[in-house]
Amino acid sequence: MRIFSNPEQAGHNPRDEFFRGQRVPCFENPTRARYVLEALAARGVPVGSPTHDSTAVLAEVHAPRYLAFLQDAWRQWLALDGANADVQPFPSVWPVRTLRSDVEPANFIARLGLYAMDNGSPLAAGTWAAAKGGADAAASAAHALLSGERAAFCATRPPGHHAGPDFMGGYCFLNNAAVAAQTLRQGGAARVAVLDVDYHHGNGTQAIFYRRADVLFVSLHGDPRTEYPFYLGHADETGEGEGAGFNLNLPLPAGTRPDAWFDALDAACQRVAAHGADALVVSLGLDTFGADPIAGFGLQADDFPRLGARLQRLALPTVMVLEGGYASAELGDNACHVLEGFEA
Ligand code: OKP
Ligand code: ZN
């Protein structure tokens, strides 16, 4: 298995986020990557830097004006009166129903609202470089498969699956899973499946492929009636137009135990197999772990090799990209356990 990281990830280190009206330290922070890289190093697994530039494929999964904004956002923030590098920008107004999102406001904070689904995705000086490095890793992992590699894992952050065609959200800026899937399509894979096992629904990935039949999206996640991202991820979202029937959501109640979760994983894998995919992309969120501070499933350490083994049984060239997982001290071992179950 080839492993890619993005050394720039450490530069995406916003200080805090909002939780029930309070500022709390960011759950999604560089410590996560440090634990994953340490766990890989402890096992003697070599980790490489990206080999491919994702610029062209990014323009196929994200809107040009969103990419242009994100790339330049920190500079624009610093240019605002009263802003400085020690203060985090947050959106304060959003174009919800009846408001226009086709015209970019000149005001930076208003543009930030236009391009963000929540106030929970703070920017830092190094956000663009970190996110771009993660997308490059995803493109590189896809290219490794196209060169005959059986599997690849992106030990990267920030995560990507909440980032939609033209918005950031849920700690995500660029959709790494979508970059991997689109790179595989470009490289000749006629059909690709994206399987999202993060605790939170991958609304961004779903949105990017919702009208396409060539990329199947399947997700098991906490029921959006009670869990983030709240406004997408229901079972009745099955795809539109050409994509009708190529989106499968399996929402599960918070508190779901491992046996029921693995039953849902089995249903998800059966749909992936029926797609006749040439390659698989796994949005590997590890916040299904029982001790996760912001999620509600009960997976234990020994459930992660079982997850890896089930993915391996699909017998497809497989890219795994790290999404969530906020029990940082256990994140590295949990990730390695999935890889070990896959390779066993
Ligand atoms: C990202 B990924 C705390 C609320 C939680 C959203 C969670 C994003 C999860 N302020 N914020 O899917 O793991
Ligand atoms: Zn998550």
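Note: relative contact order over segment 233-292, using C-alpha pairs below 8 Å and six or more positions apart, is 20 percent.
Per-residue 3J(HN,Hα) values for segment 38-45, derived from phi via the Karplus relation 6.51 cos²θ - 1.76 cosθ + 1.60 with θ = phi - 60°, read 5, 5, 5, 4, 4, 9, x, 7 Hz in sequence order (x marks Gly and Pro). Put simply, the amide H of Ala63, placed in the peptide plane, has neighbours under 5 Å in Asp166, leaving out anything fewer than 5 places away on its chain.
Residues in segment 198-215 carry Karplus couplings, in order, of 4, 4, 9, 4, x, 4, x, 5, 4, 5, 5, 10, 4, 9, 10, 9, 7, 10 Hz; the curve used is 6.51 cos²θ - 1.76 cosθ + 1.60 with θ = phi - 60°, and Gly or Pro positions show x. Tell me the net charge near Glu8. Cut-off is 13 Å between Cβ atoms, Glu8 excluded, with +1 for each Lys or Arg and -1 for each Asp or Glu. After counting each charged neighbour, the total is +1. Any chance you could give the angle, 0 to 90 degrees and rounded to 10, that helix 176-186 forms with the longest Cα principal axis of the chain? The angle comes out near 70 degrees. Highest mobility in the GNM of the chain, judged by mean-square fluctuation with C-alpha springs under 10 Å and restricted to Val194, Val218, Val57, is found for Val57.
Among residues other than Pro105 with Cβ under 14 Å from its Cβ, the summed charge is +1 (Lys and Arg +1, Asp and Glu -1).
Extension gain for Ala68-Gln186 works out to 40.2 nm (0.36 nm per residue, less the C-alpha to C-alpha distance). The Rg/Rh ratio of segment 1-132, with both radii computed over alpha carbons and Rh defined as the Kirkwood radius, is 1.01. Sorting Arg20, Arg271, Arg257 from the fewest to the most surrounding beta carbons within 10 angstrom yields Arg20, Arg257, Arg271.
Note on Phe18 and Ala254: the extension gain reaches 82.8 nm, defined as 0.36 nm multiplied by sequence separation minus the Cα-Cα distance. Taking amide hydrogens as placed 1.01 Å from N in the peptide plane, the amide H of Met320 sits under 5 Å from those of Ala152, Phe153, Cys154, Val282, each at least 5 positions away in sequence or on another chain. Helix 328-343 and the long axis of the chain differ in direction by around 40°, with both axes built from C-alpha atoms. You can think of it this way: the chain between Ala10 and Arg271 has 90.3 nm of extra reach, that is 0.36 nm per residue less the Cα-Cα gap.
Other residues whose C-beta falls under 13 angstrom from the C-beta of Asp53 contribute a net charge of 0, scoring Lys and Arg +1 and Asp and Glu -1. Label reach from Gln76 (point 7 Å along Cα→C-beta): in segment 100-119, amide nitrogens under 13 Å belong to 103-116. Proximity of backbone amide H atoms, modeled 1.01 Å from N, is registered between His221 and Leu250, Leu252 at under 5 Å, excluding neighbours fewer than 5 places apart on the same chain. Only the Cβ atoms of Lys and Arg (+1) and of Asp and Glu (-1) were treated as charged; on that basis the dipole of the chain about its Cα centre amounts to roughly 300 debye.
Using the Cβ-Cβ distance between Ile109 and Ala344 with R0 set to 51 Å, the FRET efficiency works out to roughly 0.50.
Scalar couplings 3J(HN,Hα) for segment 69-74, obtained by applying the Karplus form with A = 6.51, B = -1.76, C = 1.60 to θ = phi - 60°, are 5, 4, 4, 10, 4, 5 Hz; x denotes Gly and Pro. When the chain is treated as a Gaussian network with alpha carbon springs shorter than 10 Å, the biggest mean-square fluctuation among Leu195, Leu58, Leu78 belongs to Leu78. Short-range pairs are left out: with C-alpha atoms under 8 Å and at least six residues apart, the relative contact order of segment 2-343 is 19 percent.
Among Gln312, Gln206, Gln270, the largest mean-square fluctuation in a Gaussian network model of the chain (Cα springs under 10 Å) belongs to Gln270. One quarter of the surface of the convex hull around the alpha-carbon atoms of segment 208-344 equals 7.8 nm², the direction-averaged projected area. Helix 303-312 and the longest principal axis of the C-alpha atoms of the chain enclose an angle of approximately 70°. Compute the Rg/Rh shape ratio of the chain: radius of gyration over Kirkwood radius, all on alpha-carbon atoms. That ratio equals 0.94.
Residues Thr226, Thr183, ranked from the fewest to the most other C-beta atoms within 10 Å, line up as Thr226, Thr183.
Read-outs throughout are calculated quantities, based only on the coordinates presented, and are distinct from any laboratory measurement. Model, not experiment: these values are computed from the prediction. Cβ sites come from the backbone with ideal geometry, for glycine too, and all protein chains shown count toward neighbours.
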